[in-house]
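*Asks:* One structure, pasted below without further comment.
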Amino acid sequence: MAHPVLARVVRRETHSPRTAAAVAVIVLVVAAAIGSGLEIVRYLLGAAPLLARPAAVLTWLAALPAAEPRAAVAAAAVAVAVVGAVLLWLAAAPGRRSVHVLGSAAHAVVVDDAAIAAAVAERVGREIDLPQGAVVVGIGHRTADVTVRPDLDQVVDEEHVREVAAGELAGYGPARMRVRVRVLRRGSSR
Amino acid sequence: MNETNRGVNRAVLLLTGLALLVGGTGLVLAATRQDTAVLWDGSWSTVISWLRQTEEATRLGRTTVSGLAIAVLAALLVVVMVAVVVLARLGGGRSTVVVREDAIDGVRGAVVIRQGFASDAITRSLSSRTEILMSRVSASTVRGTTVLHVSVTPRRGTSPPEVATTAVGLVDNLAALTGREVPALISIRSGARARLGSDRPRVG
């Protein structure tokens, strides 16, 4: 990558911005804030509450652990804690997208994993002369899983499949991917 | 690719996640354990009595309005305003200008190459190729530098390095034409159309 700004561009392209989750949270927080504000204003004006008076909400929260049914309260509390844990995970996890960066000279090239999988499947299928749909490829961050399901009369050498797949992946630049090959017999489950 | 402040996104998730996790865990413990239940009751009654006292102390005359209520409303307003600012600042960073050459000595006028020109030049060349189903070009400003973003959807099964070479070649041609090197991000995607447009030319 010739230009220093491309490093930033690639990092932003390969990691999730978490915008969807953040927007969802912000919308809910705004709704809660507006709701609380309305209740407070209605209370100050002496109007009837829409849902509950502010003081009633606080006392309800205070009495919540002893509320019946106990199991429902505990379950709801666990649900809240789990949602919190998920949000923390979203905040802290790298959020890597399923894409790979190709080693290219002057510019940055990012390829989505499904495109890589399709290219590897195409190459393996063509070189070994397998019918369409007989090769299934899954691409992970560091692994490529190649599953081949040849016709009954066809003999497929696992090592050959591995070489062809690795040959295709070798053109992709520095990212080393481990190739795993499985040859399935027709009619067998694995 | 945009200039969304991702740190803010993460901070929003971190703060709400922390609040929900602490609140949920506290409630679970209070509902199941006696000592936490005592602690829960104690803290809440302290908070509620403090609120009552403060409300009485800051009451304005004989009205129901108190300084406390106004302060809480102001805090809620601040929360809403911050949220609106965060939402309004999502995205951005799009640029309509790819190259700008200001008028200097010996040059009669400024030269500006717009994103539409670069976009047309690149997508036209790519659409003439059978292995490319769709392409889109946009420009964005990243830390003050214009970056070209070429998004290409090739026919399913096309080798990505070949597509990359084609696209890089076109970007370099544009640079040669305009005399200005623009850093580019080329993203190769497998869209729904790539799946539909799959074909496997075979011999024999």
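*Asks:* Starting from the Cα gyration tensor of the protein assembly as shown, take the square roots of the eigenvalues, sort them a ≥ b ≥ c, and report rounded, prolate or oblate (rounded when a/c is under 1.5, otherwise prolate if a/b is larger than b/c, else oblate). Display every interim value, and only then the final one.
*Replies:* Numbers: a/c = 3.61, a/b = 1.65, b/c = 2.19.
Oblate, since a/c reaches 1.5 and b/c is not below a/b.
*Asks:* A further question on this structure: Top to bottom by accessible area (1.4 Å), largest first, where do B:ARG94, A:ARG185 land?
*Replies:* B:ARG94, A:ARG185
*Asks:* Can you give the alpha-carbon Rg of the range A:112-190 over 2.2 N^0.38 Å, where N counts its residues?
*Replies:* 1.03
*Asks:* Run the simple label-point estimate for A:ARG180 and B:ARG136 please: 7 Å along Cα→C-beta, distance reported in nm.
*Replies:* 3.4
*Asks:* With all protein chains present, how much of the accessible area of the protein assembly as shown (probe radius 1.4 Å) comes from carbon and sulfur, to the nearest whole percent?
*Replies:* Result for the protein assembly as shown: 61 percent of the exposed heavy-atom area is carbon or sulfur.
*Asks:* Nothing charged except the Cβ atoms of Lys and Arg (+1) and of Asp and Glu (-1): what's the magnitude of the dipole of the range A:77-190 about its Cα centre? Round to the nearest 20 debye.
*Replies:* 480
*Asks:* With the Cα gyration tensor of the range B:9-73 in hand, convert its eigenvalues to equivalent ellipsoid semi-axes via √(5λ) and list them largest first in whole Å. Display every interim value, and only then the final one.
*Replies:* Values: eigenvalues 182, 83, 7 Å².
Largest first, the range B:9-73 gives 30, 20, 6 Å.
*Asks:* In addition: For the range A:13-18, in order, what is each residue's ³J(HN,Hα) by Karplus, 6.51 cos²θ - 1.76 cosθ + 1.60 with θ = phi - 60°, in whole Hz (x at glycine and Pro)?
*Replies:* Each residue's phi maps through the Karplus curve to give 7, 9, 10, 6, x, 6 Hz.
*Asks:* Could you run the Karplus curve 6.51 cos²θ - 1.76 cosθ + 1.60 with θ = phi - 60° over the range A:80-97 and give me ³J(HN,Hα) per residue in whole Hz, x for Gly and Pro?
*Replies:* Karplus-based 3J(HN,Hα) across the range A:80-97 equals 4, 4, 5, 4, x, 5, 4, 4, 4, 4, 4, 6, 9, 5, x, x, 5, 7 Hz.
*Asks:* Accessible area lost on pairing A with B, both sides, 1.4 Å probe, Å² to nearest 100?
*Replies:* Summing both sides, the interface buries roughly 6000 Å².
*Asks:* Oh, and also: For A:VAL99, which sequence-distant residues (separation of 5 or more, or a different chain) have an amide H within less than 5 Å of its own amide H, given hydrogens modelled in the peptide plane?
*Replies:* A:ASP113
*Asks:* Anyone know which of A:ILE128, A:ILE26, A:ILE116 comes out most mobile in the 10 Å Cα GNM of chain A?
*Replies:* Of A:ILE128, A:ILE26, A:ILE116, the most mobile in the Gaussian network model is A:ILE26.
*Asks:* Next question. In whole Hz, with x marking every Gly and Pro, tabulate ³J(HN,Hα) for the range B:31-44 from phi via Karplus 6.51 cos²θ - 1.76 cosθ + 1.60, θ = phi - 60°.
*Replies:* Per residue, the Karplus-derived 3J(HN,Hα) values read 7, 10, 10, 5, 5, 5, 4, 4, 4, 4, 4, x, 5, 5 Hz.
*Asks:* Let me ask something additional. Going by amide H atoms built from the backbone, whose H comes under 5 Å of the H on B:ALA139, apart from near neighbours?
*Replies:* B:SER95, B:HIS149
*Asks:* Would you mind working out the accessible area per residue for the protein assembly as shown, using a 1.4 Å probe, and quoting it in Å²?
*Replies:* Using a 1.4 Å probe on heavy atoms only, each residue of the protein assembly as shown averages 55 Å².
*Asks:* So for the range B:1-147, averaging the separation of alpha carbon pairs under 8 Å that are six or more residues apart and normalising by length, what relative contact order in percent results?
*Replies:* Numbers: 116 pairs, mean separation 30.6, N = 147.
Result for the range B:1-147 is 21 percent.
The values are calculated or read from the model by the stated rules, or taken from the named source; none is laboratory data. Because the structure is a prediction, the values reported are computed rather than measured. Here the Cβ is made from the backbone with ideal geometry for all residues, glycine too, and neighbour counts use every protein chain on show. Side chains included, ligands, DNA and RNA excluded: accessible areas come from the protein's heavy atoms. Shrake-Rupley method; radii C 1.70, N 1.55, O 1.52, S 1.80 Å.
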